[in-house]
1. Among the residues that make up the range 85-92, is at least one of them exposed (fewer than 14 other Cβ atoms within 10 Å of the Cβ), of a type in the set (A, V, I, L, M, F, W, C), within 23 Å of the chain's Cα centre (by Cα) and in a loop (DSSP other than H, G, I, E, B)?
2. Could you list, in sequence order, the residues of the range 198-222 that are over 17 Å from residue 238 (Cα atoms), assigned to a loop (DSSP other than H, G, I, E, B) and among the polar types (S, T, N, Q)?
3. For the subset of the range 116-151 comprising residues that are of a type in the set (Phe, Trp, Tyr) and farther than 22 Å from residue 63 by Cα, which member is surrounded by the most Cβ atoms within 10 Å (Cβ to Cβ)?
4. Any residue at all in the range 29-36 that is at pLDDT 95 or above and within 27 Å of residue 114 (Cβ to Cβ)?
5. Do we find that residue 178 is surrounded by fewer than 16 Cβ atoms within 10 Å (Cβ to Cβ), out of contact with any helix residue (DSSP H, G or I) (no Cβ under 9 Å at 6 or more places or on another chain) and either modelled with pLDDT of 95 or more or within 22 Å of residue 154 (Cβ to Cβ) (or both) in this structure?
6. Residue 183 passes all but one of (1) of a type in the set (Ser, Thr, Tyr); (2) surrounded by 15 or more Cβ atoms within 10 Å (Cβ to Cβ); (3) within 18 Å of residue 140 (Cα to Cα); which number fails?
7. Select, from 132, 57, the only residue that is within 27 Å of residue 228 (Cβ to Cβ), of a type outside the set (Val, Ile, Thr) and either outside the structural domain of residue 233 (by TED's automatic domain parsing) or within 11 Å of the chain's Cα centre (by Cα) (or both).
8. Please indicate, with yes or no, whether at least one residue in the range 70-77 is more than 11 Å from the chain's Cα centre (by Cα), in contact (Cβ under 8 Å) with a residue 24 or more places away in the chain, assigned by TED's automatic domain parsing to the domain that holds residue 101 and in a loop (DSSP other than H, G, I, E, B).
Amino acid sequence: MRSRVLCVLVGVFLSFFGAIFLVVSPASASVTSSVKLTSGKAVDGKVTSSSGADYTFTGVSGQHVTLAITNPKVSPSGDNLQINAYDASGANLGGTTFSTSSTDVNFTPDIYQAGTITVVISAWNAGATGSFTLTYATDVTGTLTSGTPVNGTIKYQGQNADYTFTGVSGHHVTLAITNPMVSPPGDNLQINAYDASGANLGGTTFSTSPAEVDFTPTPTQAGPITVVISAWNAGATGSFTLTYTAG
């Protein structure tokens, strides 16, 4: 009888302290916190598990953004990581895979996609791991004044340079590119002009030689005009001098 009571007491003792042990035991699953991205500031990251790496930034409606991946290293050889961007509703705004070459995702959030945007970098092939540099960048922007040159640089793959001026009906416009330097050698940037409706008023490519776009806005094309300088070859970057002249 005494032995039976002793066994019961021991069982109660073990159950009690076992419960305490379970309560205070740390969780075994690791938690990955999101990193806040700042435009133009590169961050180095790693994918070491199936959870991947998460980053966030605030997207603005109508503001083109670039997510550039550089210095990628993926293991095992031949496998890929992936980058995807999601709005607050979980809708995918763009994505691609990468392994040994630089790449980028670029998009322009609309009014429904603006707000918190989450960038997820994870394994494309099951078990793939690796490291990378991620740069989030908004476009280079500026306002053009007739006869005043502006110097611009596209630093990151997928980034654009956007400039605006007011076109006047019947007044000839010249957009001159000088001092172009494009990388890698042999690649091209492009310049295009758009009216408020998005119609293309003219454009051309450039690499090592000066280039020019000329047009005369019609009554329907007059008003805000946007000049966009971007990569013609995927991954091209570079610098230039842009001069807008109104006739």
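1. yes
2. Hits for the range 198-222 are 216, 218, 220, 221.
3. Only one residue tops the list, namely 132.
4. Going through the range 29-36, the residues at pLDDT 95 or above turn out to be 36.
Going one step further and asking which of them are within 27 Å of residue 114 (Cβ to Cβ), we end up with 36.
Yes: the range 29-36 contains one or more residues that are at pLDDT 95 or above and within 27 Å of residue 114 (Cβ to Cβ).
5. Details: surrounded by fewer than 16 Cβ atoms within 10 Å (Cβ to Cβ): yes; out of contact with any helix residue (DSSP H, G or I) (no Cβ under 9 Å at 6 or more places or on another chain): yes; either modelled with pLDDT of 95 or more or within 22 Å of residue 154 (Cβ to Cβ) (or both): yes.
So residue 178 fits the description; yes.
6. If we test residue 183 against (1) of a type in the set (Ser, Thr, Tyr); (2) surrounded by 15 or more Cβ atoms within 10 Å (Cβ to Cβ); (3) within 18 Å of residue 140 (Cα to Cα), just (2) comes out false.
7. Within the list 132, 57, the selection yields 57.
8. Looking through the range 70-77, at least one residue is more than 11 Å from the chain's Cα centre (by Cα), in contact (Cβ under 8 Å) with a residue 24 or more places away in the chain, assigned by TED's automatic domain parsing to the domain that holds residue 101 and in a loop (DSSP other than H, G, I, E, B).
The values are calculated or read from the model by the stated rules, or taken from the named source; none is laboratory data. Remember, it's a predicted structure, so these values are computed and weren't measured experimentally. Ideal geometry is used to build each Cβ from the backbone, glycine not excepted, and the neighbour counts take in all protein chains shown.
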